[in-house]
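Please read the structure below before turning to the comments.
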Amino acid sequence: MRNLPRPVPLDCLEEARNNDEEGPWGDIDRTCRRKVRVSLLENQDNYCVWCERHINVQNCHTDHIVPQVQDPSKRRDIINLAASCNTKGTCGRCKGGKNMDLALHLNPYEEPNLAGLFTFLPNGDIKPSSEDAQGKAKYMIALCGLASPKLTLLRKNIATAILNQLDAIRESENKDAVRKAIMCNPKHFPTLHKQLLS
């Protein structure tokens with residue numbers, strides 16, 4: 001998970017919110033919902049808000065950071081929306097519409113140094129980065145299924161590839177240039193890349 005800039009409000013969503021603040025998300029015009037999803041994806045550099053896998057408009061959905069059932073007044077609030085992958089058992093699909101402990105829930109638009117709360121290990125595991133981060137990080141890892149076998153294996157494979165590249169160029173004259181090249185546009189898990197390359 002990483003911090004995100006606040007998304008730009010969209011006229012169609014503001015109009016839908018003004019017409020019916022607590023109306024169901026599905027009642028919003030399909031064209032507007034797609035515009036929202038595209039805008040969120042651009043804001044998130046096409047990474048899932050929770051797991052940081054690369055996503056696109058076809059394999060994602062608009063996730064409510066605080067579930068619609070928990071706070072209906074935020075159903076149509078752009079600051080409560082993010083693009084999440086559509087994989088069953090992880091991220092927004094795992095989180096679902098459960099009531100959550102908002103004291104432990106991490107909001108990517110509001111929590112300072114969000115990426116710093118998690119440590120990614122070369123074996124693909126994700127864990128809290130410190131004792132201070134323990135409660136919130138553990139809660140989000142469980143809530144969003146971030147330690148699922150599928151995500152763990154994908155992170156492990158990417159970490160292995162990065163570490164193999166680093167080993168191959170360890171003797172290089174220009175290590176900084178090589179690190180920048182490896183970091184350039186990671187397909188998945190930008191926080192994992194940064195941690196392994198730091």
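Okay, here's what the table says:
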{"read-out": "Segment V8-A161, extension gain: residue separation times 0.36 nm, minus the distance between their alpha carbons", "value": "51.5 nm"}
{"read-out": "Cβ charges +1 (Lys, Arg) and -1 (Asp, Glu), total dipole of the range 11-149, debye", "value": "600"}
{"read-out": "Length released on extending from N46 to D29, taking residue separation times 0.36 nm less the Cα-Cα span", "value": "3.8 nm"}
{"read-out": "Contact order relative to length of the chain, as percent, for alpha carbon pairs under 8 angstrom and 6 or more apart", "value": "22"}
{"read-out": "Sequence-distant residues sharing a close amide H with T119 (under 5 Å, placed H)", "value": "K127, S129"}
{"read-out": "Local electrostatic count at R17 - Lys and Arg +1, Asp and Glu -1, tallied over other residues with Cβ under 11 Å", "value": "-4"}
{"read-out": "Coil-residue trypsin sites (Lys or Arg not before Pro) of the range 1-108, DSSP, other Cβ within 10 Å capped at 16", "value": "K88, K98"}
{"read-out": "Cα lying deepest toward the dipole's positive end in the range 11-149, options Y47, N123, P72, charges on Cβ", "value": "N123"}
{"read-out": "Efficiency of FRET between K150 and D71 - r from beta-carbon atoms, R0 22 angstrom, step 0.05", "value": "0.15"}
{"read-out": "Net lengthening on full extension, N113/D101 (0.36 nm per residue, minus Cα-Cα)", "value": "2.3 nm"}
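Every number here is computed from the coordinates shown, using simple stated rules; none is lab data. Small disclaimer: the values here were computed from a predicted structure and weren't measured. Heads up, the Cβs are rebuilt from the backbone with ideal geometry, glycines too, and the neighbour counts pull from every protein chain shown.
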